[in-house]
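For reference, the structure discussed in these notes is given below.
Every number here is computed from the coordinates shown, using simple stated rules; none is lab data. Just so you know, these numbers come straight off a predicted model, no measurement behind them. Here Cβ is always computed from backbone atoms with ideal geometry, including for glycine, and neighbour counts include all displayed protein chains.
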Amino acid sequence: MKPAHPIVQQGKIAKWTGKTRAEVIGHKAEQVWPLLEDFFGLNKWFPTLLTCLPVEGTSGQPGCVRYCAGFKTPVDKNEEETVNWTKQKLLSIDPNELTFSYSIVDGNVGFNSYISKIKVVPNEDGCHIEWQYEVEPVTGWTLGDLDSFISSGLQVMATRMQEAFQA
């Protein structure tokens, strides 16, 4: 695991990067994409996320901003009653490539210069969702904490999507 403090390389802070994926078995990429394309609907899929509200713009249009709150992180203390929140801005979206990217522009979880790219990729059994990210090292976290948070969140999202199709 990498240390949870900034690493300086040639005068710049080195960013943490990671990538994870989750299978959505039996459902085509074209079926899964509309669930992710709904930028203001993340709370339907991401675990422990209680709120996802529009702040500005139109969902699915670059520049729109969502407010996400109520999620738990690997570094939360059970006795603390802090509500974690972020504001996230859609940077780009490509329905032909089934991909979008967003950045965290504000929040209280310590993510600075955070950018993610989400992509739905067809495969033989249906599709998988890829989640790629980069962020400056986060105080109080390890890279392993962040990898676990994103990976487990994406696995739950894929499971919830599969269940939604079966309902």
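Here are a few things to note about the model shown:
- Segment 79-118 - charge dipole about Cα centre, Lys and Arg +1 at Cβ, Asp and Glu -1, debye rounded to 20: 260 debye
- Radius, Kirkwood style, for segment 107-167 when every pair of distinct Cα atoms is counted (Å): 13.4 Å
- Distant alpha-carbon pairs in segment 95-141 (separation over 14 angstrom), percent: 58 percent
- Amide proton proximity set for Val109, modelled H, under 5 Å, gap of 5+: Trp85
- Each Lys and Arg contributes +1 and each Asp and Glu -1, all at the Cβ; summed about the Cα centre of the chain, the dipole is approximately 300 debye.
- A cut-off of 5 Å between modelled amide H atoms, ignoring neighbours fewer than 5 places along the same chain, links His27 with Cys127.
- Shape call, segment 19-167: gyration tensor on alpha carbons, a/c limit 1.5: prolate
- Segment 115-128 - phi-based ³J(HN,Hα) in whole Hz, Karplus 6.51/-1.76/1.60, Gly and Pro as x: 9, 10, 10, 10, 9, 9, 10, x, 8, 5, 8, x, 6, 9
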